[in-house]
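The block underneath contains the structure these notes are about, expressed in structure tokens.
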Amino acid sequence: MNQHTISRIAVSLLAIVLIIFGVFHFVNPQGMIAWVPSWVPGGIIWVYFVGAAFIATGFSFLTNKLVKYSGYSLSILLFLFVLTIHLPNYLNGGDPELRQVSFVNLLKDVALAAFALYIASNADYRKHMTQDE
């Protein structure tokens, strides 16, 4: 397997995960509302917005269309999650289990954001490679 094929597999796996996460936001919005900070107006609207954003980004990555914009947007969204949800929950959580879950989610979203940045920064190269095949 060449490097391009492995890269496409990795991006496709992330795309599938994003689509599944996005669908879950629509299937179980009440289970996700607890993660929306109470100081953010709109409540459940944000659950649907994030679900739609995940699905759109997943399809963008799968189809190799608007990948740069999708990747940068996803990384911004995930870093916002880290700063507004996971870090405050970790710092202010009284329950050790909540703090641990928050820390794991913080690390997960930082890693996903880093992968999204990498994908976005290489979007023009990947698009060129796809067109040459």
Is it the case, given these coordinates, that Val47 is β-branched (Val, Ile, Thr) and modelled with pLDDT of 95 or more?
yes
State which residue pairs qualify: first residue without any contact (Cβ under 8 Å) to a residue 24 or more places away in the chain and hydrophobic (A, V, I, L, M, F, W, C) and inside segment 106-122, second residue surrounded by 15 or more Cβ atoms within 10 Å (Cβ to Cβ) and in a helix (DSSP H, G or I) in any location, beta carbons under 6 Å apart, and separation of 6 or more residues or different chains.
none
Here are the criteria: (1) assigned to a loop (DSSP other than H, G, I, E, B); (2) within 24 Å of Gln3 (Cβ to Cβ); (3) touching a residue at least 12 places away in the same chain (Cβ under 8 Å). Tell me which single one Lys65 does not satisfy.
(3)
Members of segment 24-49 found to be assigned to a helix (DSSP H, G or I), among the aliphatic types (A, V, I, L, M) and within 19 Å of Asn105 (Cα to Cα), listed by number
Met32, Ile33, Ala34, Val47
Just to verify a result, which residue in segment 109-133, among those that are among the acidic types (Asp, Glu) and part of a helix (DSSP H, G or I), is modelled with the highest pLDDT?
Asp109
Name the residues in segment 34-59 that are over 26 Å from Tyr118 (Cα atoms) and exposed (fewer than 14 other Cβ atoms within 10 Å of the Cβ), would you?
Ala34, Pro37, Ser38, Trp39, Val40, Pro41, Gly42, Gly43, Ile44, Ile45
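The values are calculated or read from the model by the stated rules, or taken from the named source; none is laboratory data. Computed from a prediction, not measured in an experiment: that's the story for all the values here. Cβ: placed from backbone, ideal geometry, glycine included. Neighbour counts: every protein chain shown.
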